[in-house]
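For reference, the structure discussed in these notes is given below.
The values are calculated or read from the model by the stated rules, or taken from the named source; none is laboratory data. Because the structure is a prediction, the values reported are computed rather than measured. Don't worry about glycine lacking a Cβ; one is built from the backbone with ideal geometry, like all the others, and counts go over all protein chains shown.
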Amino acid sequence: MIKADLKPTEFHEYYNNYVGLLANDTELIEGYVKGKKMIQDFILSIPDDKLLHRYQPEKWSILEVFQHLIDTERVFMYRCFRIARNDKTNLAGFDQDDYIIPSEADLKSKAQMLEEFTINRDNSISLLKSISEKNFAFMGSANGSPVSARAAAFIILGHDIWHTKIIQERYL
């Protein structure tokens, strides 16, 4: 399954910010595998003395941005899983800002963040491999908007790209 298979009705228009960053021929599972390497290499490339940097006082640190990527992937994989199992429950939204302080991301080392990201991504890949094409097309609802299982998964790939670009442009 590739990104071009997604229909605009499968996700809220807000997520075009992320899905729009993906090439139409992006294959879902391959995208997760390549994205894993991209994020790992990116984390490793950042000097340790920059990890706590904030480009403005009220903005997240680089470590907090990486934690946000991990936490968001967890939430969207949960959505993907439930929708792929044909769960019709409206899934709750989440306030990303509420997750940052209790995550204690700034207390983590680069190695800890890398390990957490890698384990989480491997779990996501395992889940995605277990879902059939038919079940990826199932529709559900999250945060009051329609979303397919496959859209929930594709959104994460674009979300990763979005935030790595922000780190490159504003932090480094």
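Does ASP106 satisfy the condition of being surrounded by fewer than 18 Cβ atoms within 10 Å (Cβ to Cβ), farther than 23 Å from ILE2 by Cβ and of a type in the set (D, E, K, R)?
Details: surrounded by fewer than 18 Cβ atoms within 10 Å (Cβ to Cβ): yes; farther than 23 Å from ILE2 by Cβ: yes; of a type in the set (D, E, K, R): yes.
Considered against the rule, which asks whether it is surrounded by fewer than 18 Cβ atoms within 10 Å (Cβ to Cβ), farther than 23 Å from ILE2 by Cβ and of a type in the set (D, E, K, R), ASP106 comes out as yes.
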Query raised in the report: Which pairs have Cβ atoms under 7 Å, sit 6 or more apart or on different chains, and link a residue in the stretch 115-130 that is surrounded by fewer than 16 Cβ atoms within 10 Å (Cβ to Cβ) and basic (Lys, Arg) to one that is modelled with pLDDT of 95 or more and assigned to a helix (DSSP H, G or I)?
Result: LYS129/ILE29
Report summary line: Within the stretch 39-51, residues surrounded by 13 or more Cβ atoms within 10 Å (Cβ to Cβ), under 19 Å from the mean Cα position of the chain (by Cα) and not polar (S, T, N, Q) come out as ILE39, PHE42, ILE43
Query - Members of the stretch 72-106 that are over 14 Å from the mean Cα position of the chain (by Cα) and of a type in the set (Val, Ile, Thr) - result: ILE83, THR89, ILE100, ILE101
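Can you pull out the helices (runs of 4 or more DSSP H) entirely within the stretch 4-99 that have at least 3 residues that are touching a residue at least 24 places away in the same chain (Cβ under 8 Å), within 21 Å of GLU133 (Cα to Cα) and not acidic (Asp, Glu)?
On the way: elements: 16-19, 28-45, 62-84.
Result: 28-45, 62-84.
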Report task. Among what's in the stretch 131-155 and is more than 12 Å from ILE29 (Cα to Cα), among the small types (Gly, Ala, Ser) and surrounded by 16 or more Cβ atoms within 10 Å (Cβ to Cβ), pick the residue that is nearest to the chain's Cα centre (by Cα). Result -> ALA152
